[in-house]
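Derivation of every value follows stated rules applied to the coordinates shown; laboratory data play no part. Note that the structure is a prediction, hence the values are computed from the model and not measured. Note that we place each Cβ from the backbone using ideal geometry, even for glycine, and neighbour counts take in every protein chain shown.
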Amino acid sequence: MPVVFVLLAGLLLFIVATVSFRDPERHAVLMVAGAGAVAICGVSIGALAYLIQRPMVELQEKIALVSEGNLDVAVSFAKRNDEIGDLGRNFNHMMQQLRESREEIETLHRTQMSRAEHLATLGELAAGLAHEIRNPLAGIAGVIEIIGRDLPSTSPARAVVKDVRLEIAQINRILTDLLETARPHPPQICRSNLNTTVEHAVMLARQQVLSKPIKIELQQAPDLSEVEHDSDQIHQVLLNLLLNAVQAMEGAGTVRVDIGSRDDCATVLVSDTGRGIPPQNIPNIFRPFYTTKGNGTGLGLSLARRIVEEHHGRIEVSSVVGKGSKFTVLLPFHIVAAEVAVL
């Protein structure tokens, strides 16, 4: 628009000069000067239209395509070595980032859908196992109790009966973990002291290592604000992490539990001095049924992650082979979710 004003001003001066001066020589000079001014203005308008207007029109057309969902666009003036070229390069770079973000979101969506299908299949499998295994298992347990009562106190078979009871209890724990993973219960959220929840888990874990040269240390955070959480479920998560840490150590070792905060989350760090996790295994440790332990089910960490995610938190993992592992549970102090039952 300023160029148009310049053109109009030139024309006005040309008309005024033509009318005002009657001298033929001056009249001719002014006509030539006015015509030159008009020509310069015309050339300037044409150049500015080519250098500025066309790129802006192209940019508007590309933005319209983006608004329709087409991210495979780029402007052609990005090769220019001026401010318009900088604008074009920035636009093309932005579109490249949007395409990469879209691909990442699509990959994540496919992963989540695959996980949902896997859990649905797991639910059907769990229901079948509960029906097909638990009923006869209860009968076996009853028979073992009768046999145990009828055996003489000096019979060596009593030790065998005790071992059978332990194996039955192990099968029941496996089935329980499987059912919890496949058919989870929504957390019953209430605001309470996270230190108390962690302390109960540590006390129970210490009972499991009374006969082992393993220490479990706890560093509480007395000034920590109350955290909205399901104490039973978070207790289950922490106990699983503690027992995994104990199983990762051969011989003497130390498991340390530190309670703290980071940003808007409370944190519980469980670290051990065990054998560590190879880097190639870390991406798989939260997958159902994935385990590197001979007697493990591969359901504990999967269940732990699900519980923490339902609390709108997350679990972070770091490990060094031969030195130990660190699992950090992050829980928001306040959960905003309509689907969570708040007590």
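Computed values, structure above
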| read-out | value |
| --- | --- |
| Ordering of 204-216, 136-148, 253-265 by packing [mean C-beta count within 10 Å, highest first] | 253-265, 204-216, 136-148 |
| Given K162/K215; K162/K212; K212/K326, the pairs whose alpha carbons are separated by over 26 Å | K162/K215 |
| Length added when fully stretched, R99-N135, from 0.36 nm per residue minus Cα-Cα | 7.6 nm |
| Sequence ranges 82-90, 236-244, 308-316, 158-166, ranked by mean other-Cβ count within 10 angstrom, highest first | 236-244, 308-316, 82-90, 158-166 |
| For the stretch 85-96, 3J(HN,Hα) per residue [Karplus equation, 6.51 cos²θ - 1.76 cosθ + 1.60, θ = phi - 60°, Hz, x = Gly/Pro] | x, 4, 4, x, 5, 5, 5, 5, 5, 4, 5, 5 |
| Full-extension gain in nm, T176 to E61, via 0.36 nm per residue minus C-alpha separation | 35.5 nm |
